[in-house]
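Here the structure is laid out as structure tokens; the discussion comes afterwards.
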Amino acid sequence: MKKNSIEICAAMVLSPAKQLLLVRKKGSEYYQLPGGKIEKGETFVNTVCREIEEEIGLIVAVEELLFLGTHEAAAVNEADTRVVGHVFKLNLSEIKEISPQAELEEAVWVDQHNYKQYKLAHLAEEFVVPRWLQL
């Protein structure tokens, strides 16, 4: 059986204290990176900016984002589906008010001591967490 794939753009959002922002969709037990699907005609960086604003109410300038790379992993919320994620890094100079919006139920800041308490989506666990732990 052929697996489906979805292409997304997401961000590794870091607080000044290097905490990692994770979000959880309504009805899901998995915590993932803020981000989402690319709309027709959008660049990767524009997708990340739009999704961050839609999901957590944060306005991001393109210049604030650093492209980290692309990673493919199993989707956690869609059966027989692969996620191709284009991941950017966003360092916040100050803690901003984060309020989950759209399809999100929760947004949490995790640190390197408590992140294992959360059930992570594969893209976050396989691609972002190893990079974050090296900071």
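Could you go through the stretch 58-65 and let me know if any residue there is surrounded by 12 or more Cβ atoms within 10 Å (Cβ to Cβ), in contact with a Cys (Cβ under 7 Å, 6 or more places away or on another chain) and outside any strand (DSSP E or B).
Yes.
Considering only residues that are under 15 Å from ASN46 (Cα atoms) and out of contact with any strand residue (DSSP E or B) (no Cβ under 8 Å at 6 or more places or on another chain), which ones fall in the stretch 61-87?
ALA61, VAL62, GLU63, listed by residue number.
Condition check: in a loop (DSSP other than H, G, I, E, B), charged (D, E, K, R), more than 25 Å from HIS113 (Cβ to Cβ) and over 12 Å from the mean Cα position of the chain (by Cα). Does GLU54 satisfy that?
Criteria not met by GLU54.
Based on this model, can you work out whether VAL83 counts as within 21 Å of ASN4 (Cβ to Cβ) and not basic (Lys, Arg)?
Considered against the rule, which asks whether it is within 21 Å of ASN4 (Cβ to Cβ) and not basic (Lys, Arg), VAL83 comes out as yes.
Being crowded, with 17+ Cβ neighbours inside 10 Å, of a type in the set (Val, Ile, Thr) and in a strand (DSSP E or B) is the filter here; which residues of the stretch 79-128 pass it?
VAL83, VAL87, VAL108, VAL110
Just the residues that are assigned to a loop (DSSP other than H, G, I, E, B), within 25 Å of ASN114 (Cα to Cα) and open to solvent by 30 Å² or more (accessible area, probe 1.4 Å), please, taken from the stretch 8-39.
PRO16, ALA17, LYS18, GLN19, LYS26, GLY27, GLU29, TYR30
I'd like to verify a number: residues in the stretch 50-69 that are without any contact (Cβ under 8 Å) to a residue 40 or more places away in the chain and under 23 Å from SER28 (Cβ atoms), how many?
Number satisfying all stated conditions: 2.
Among the residues of the stretch 34-92, which ones are acidic (Asp, Glu) and on the phi > 0 side of the Ramachandran plot?
If the condition is that a residue be acidic (Asp, Glu) and on the phi > 0 side of the Ramachandran plot, then ASP80 is the only one that fits.
Take SER5 and decide whether it is among the hydroxyl-bearing types (Ser, Thr, Tyr), over 15 Å from ALA124 (Cβ atoms) and open to solvent by less than 50 Å² (accessible area, probe 1.4 Å).
No.
The values are calculated or read from the model by the stated rules, or taken from the named source; none is laboratory data. Source: prediction; values computed, not measured. Cβ: placed from backbone, ideal geometry, glycine included. Neighbour counts: every protein chain shown. The area values use the complete protein model at the heavy-atom level, side chains included, leaving out ligands, DNA and RNA. Shrake-Rupley method; radii C 1.70, N 1.55, O 1.52, S 1.80 Å.
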